[in-house]
Amino acid sequence: MSRGTPVVQATVSDAAVNAPLNADSVAAVLGCLRTALAARDWQGSAAEVVSEIGQRLKCLRVSIGWVVAGQLRIVALSDGVVLAEGQAIPELNQAMLEAVHQHTTLAWPQATRNAVRITLAHQNLFKVQGLGGVVSVPLAHRGRVIGVITCERSVMSDPLAVRVLEEVVRVAFEPQEVRWLEQLAEGLAPLLYLRYKLDRPWVERLRAGAIVLGYRLKDPAERRLRWSVLAVVWLLTVGLLWPVPYSVSATARLEGSVQRVLSAAQDGYLREVHVRPGDVVKAGQLLAELSDDELQSSRRARQADVAQQENAFAEAFARGDRAQAAQAQAKLAEAKAQLGLVEQQLSRVRLTAPFDGVVIQGDLRQQLGGPVKRGEALLTLAPGLDWRVILEVGESDVAQLERGQTATLRLAAMPGQPIALVLARVTPVARTTADGVRYEVEAWPAGKGAGLAGLRPGLEGVAKVDLPSRPLLIRWVVRAWNWLGMLTWSWF
């Protein structure tokens, strides 16, 4: 304390310091809390509180310091001085740090003579600023100091007079005033802390969290946290750097490499059916027959017509009538052509297998005797050993597939027998299914499992197309980025 400073240092008992607040003081505390809650944001709350404290305690200046990322920053001043990045008077900063480090209330001049506290920074602020009293009260939340309130009083004097007023006013902080500040800090700390967490920028939140994490990692007691962080770092490293096999899954089905549809050659009635779906047939085997009664009648009529024209030609030729012979010869040729057409139609009445294979479609047993129309599909055949695989790939994965890539197929009927495939063609035509849009990719068997016994068209399973190995985390990030880009494009 500087010499000649008109300050009276009071000596009071601990009972006076710990005395409960009266009704007016409690009302004042509640008024300050109400003022802090009424502000629009955290900065506004701090500014309103320092103004309210300054008016009540008649202080020259009231300041609030806040601990941000391990550093103390001045966030509010009652005198309205604009702060640049939390910097203020160096002596004020040191006085606040002194209270924060000791986790206790500091005042100068001290209220009690027997208090053992380090107050060098407060004495320096008192001397440099020419104050009449200074007090700093920490703001604590959950056992941790998060800020500090510092109040300063000056010696009251008349600026128009040459000398100091004869009537010196006692300006040091009374124990009751310090007690009131401590009660206010006790209720104000959680309120400001909650508003600070809600209002601070996300960058500051991340930086503060990183600093706190660094302090915890340096603490020998946080062994479990260290192992957890080490495990996370290891997983991230593996996910970013270690390539893992990558494949695209798709539902698959077997089809014959060539499918032949046998249809009705003419209108008629179904007489007999010798096969049904799933039967293995040989080339030339009779499959079904249509009724040929009308064709047989037409053939007999055409045969009679041919015989009649042959007789007419013979008679004209015997008489030497060349004109009549030429006319009869032309009619004979027409009759033979019509007879040949009927014979051809009769040959199509019998449906035979064009190759060795399997009947995959066409159960005609319930249609015996029923009418069929010309061109109506009756049976579908596929080769028994020559087949292909159709993969149904989702629209999000089809862009990664190319001709020549390898795949592995496992059928539901034979899950223990993998079948090697090679992609032959990626069709550009989409098909809408119950699972969404799907593109068909054609593949052929190659190598392992191509000649398994029991394979037949119609079997279904799951195929996985092998793609270049990529780190797992990068693959997820790329997929999420593509999804986010599509979502952003759809919305905006």
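General remarks:
- Packing-based order for 214-222, 470-478, 173-181, using average beta carbon neighbours within 10 Å, highest first: 173-181, 470-478, 214-222
- Global size of the stretch 321-419 as Cα Rg and Dmax, reported in angstrom: 26.2, 84
- Rel. contact order, % - alpha carbon contacts under 8 angstrom, at least six apart, the stretch 201-309: 15
- Placing R0 at 60 angstrom, the Cβ-Cβ distance between T488 and Q366 gives a FRET efficiency of 0.60 after rounding to 0.05.
- What the chain shows is 60 Å² of accessible area per residue, with the surface traced by a 1.4 Å probe over protein heavy atoms.
- The modelled label-to-label distance for the pair L236/S257, using points 7 Å beyond Cα in the direction of Cβ, is 5.4 nm.
- Order of exposure, largest accessible area first, which applies to H101, H141, H274 with probe 1.4 Å: H101, H274, H141
- Stretching A318 away from Q296 to a fully extended chain increases their span by 4.6 nm, per 0.36 nm per residue minus the current alpha-carbon distance.
- Projecting the Cα atoms of I390, I360, I53 onto the charge dipole of the chain, computed from C-beta unit charges around the Cα centre, puts I53 farthest toward the positive end.
- The chain - percent of accessible surface contributed by carbon and sulfur, probe 1.4 Å: 55
- Under 27 Å of direct C-alpha separation, and excluding same-chain neighbours fewer than eight residues apart, K58 reaches these lysines: K127.
- Förster radius 45 Å - calculated FRET efficiency between A69 and R34, Cβ distance, rounded to 0.05: 0.90
- R350 accessible area, 1.4 Å probe, all protein chains in place, Å² to nearest 10: 120
- Listed residue pairs exceeding 30 Å between alpha carbons, taken from K282/K373; K282/K336; K282/K464: K282/K336; K282/K464
- A Förster radius of 22 Å combined with the Cβ-Cβ distance from D219 to R144 puts the calculated FRET efficiency at roughly 0.95.
- Area of M414 that stays accessible when all protein chains are in place (1.4 Å probe, Å², to 10): 40
- Computed helical MRE - 222 nm, the chain, DSSP H runs ≥ 4 contributing -39500 (n - 2.57), nearest 500: -13000 deg cm²/dmol
- Ranking by accessible area, most exposed first, for Y246, Y193, Y269 with a 1.4 Å probe: Y269, Y193, Y246
The values are calculated or read from the model by the stated rules, or taken from the named source; none is laboratory data. Everything quoted here is computed from the prediction, not taken from an experiment. Virtual Cβ from ideal backbone geometry, glycine too; neighbours counted across all protein chains shown. The area values use the complete protein model at the heavy-atom level, side chains included, leaving out ligands, DNA and RNA. Shrake-Rupley method; radii C 1.70, N 1.55, O 1.52, S 1.80 Å.
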